[in-house]
Amino acid sequence: MNYKERLTRITTFIFDYDGVLTDGTLLIDRDGELLRTANVRDGYAIRQAVNKGYRVAIISGGKTESVRKRFEVLGVGDVFLGVNEKLKVYLEYLQRHGLEHEEVLFMGDDIPDYELMQAAGVPTCPADASEEIKSMAMYISALPGGRGCARDVIEQVLRVQNRWFDKSALSWDV
């Protein structure tokens, strides 16, 4: 199967956070809280996927609880923070939801994502991912992390499955 054919089987999106849904830049406020910027277009696509019944999960080594709050607003309940062994969390997630690897599109950007990239049915990455991750990706977005790469892959899946542009896409209900 080629890349586009594999997208027809996707039911689940899993993303790393820093470097995928952010550009990797961290700001620190006066209280020591780590601040990140997020792309609204990524958020729109994530919300559309959730609204259409796709599973969306975040698996991140980061521990900042504001990340969880962002995804709760978007309807994503499966946010795993402070994860040292991403593959273990991924495999438990698949088992809990009765999923096959072929149903999962994963987007990672750096070496801690390596094992999960190997396992996912459709491993993808942003344009600015590490060379090790790019070498194993089935698809490399033309967009860098935090600049719409998640929207890119979600939109591709929904378009291939004829679910991208319909009446529900016209509203932003968060």
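Things worth noting here:
- Test for VAL40: is it closer than 25 Å to ILE140 by Cβ, of a type in the set (A, V, I, L, M), loosely packed, with under 15 Cβ neighbours inside 10 Å and free of Cβ contacts under 8 Å to residues at least 60 places away in the same chain: yes
- Odd one out for TYR17 among (1) closer than 24 Å to LYS134 by Cα; (2) aromatic (Phe, Trp, Tyr); (3) out of contact with any Gly (no Cβ under 8 Å at 6 or more places or on another chain): (3)
- Residue within the range 54-67 that is among the hydrophobic types (A, V, I, L, M, F, W, C), touching a residue at least 40 places away in the same chain (Cβ under 8 Å), in a loop (DSSP other than H, G, I, E, B) and out of contact with any Leu (no Cβ under 7 Å at 6 or more places or on another chain) present: no
- For VAL79, the conditions (1) farther than 20 Å from THR8 by Cβ; (2) at pLDDT 95 or above; (3) part of a loop (DSSP other than H, G, I, E, B); (4) among the hydrophobic types (A, V, I, L, M, F, W, C) are fulfilled apart from (3).
- Within the range 90-139, considering residues that are crowded, with 17+ Cβ neighbours inside 10 Å and of a type in the set (Val, Ile, Thr), the one farthest from the chain's Cα centre (by Cα): ILE133
- Qualifying residue in the range 91-98 (condition: in contact with a helix residue (DSSP H, G or I) (Cβ under 6 Å, 6 or more places away or on another chain), of a type in the set (Asp, Glu) and either assigned to a helix (DSSP H, G or I) or modelled with pLDDT under 95 (or both)): no
- One residue stands out in the range 2-39 among those that are of a type in the set (A, V, I, L, M, F, W, C), more than 22 Å from GLU115 (Cβ to Cβ) and in a loop (DSSP other than H, G, I, E, B): the one that is modelled with the lowest pLDDT, namely LEU26.
The values are calculated or read from the model by the stated rules, or taken from the named source; none is laboratory data. A quick note: this is a predicted structure, and the numbers were derived from the prediction, not measured. Backbone-built Cβ (ideal geometry, glycine too); neighbour counts: all protein chains shown.
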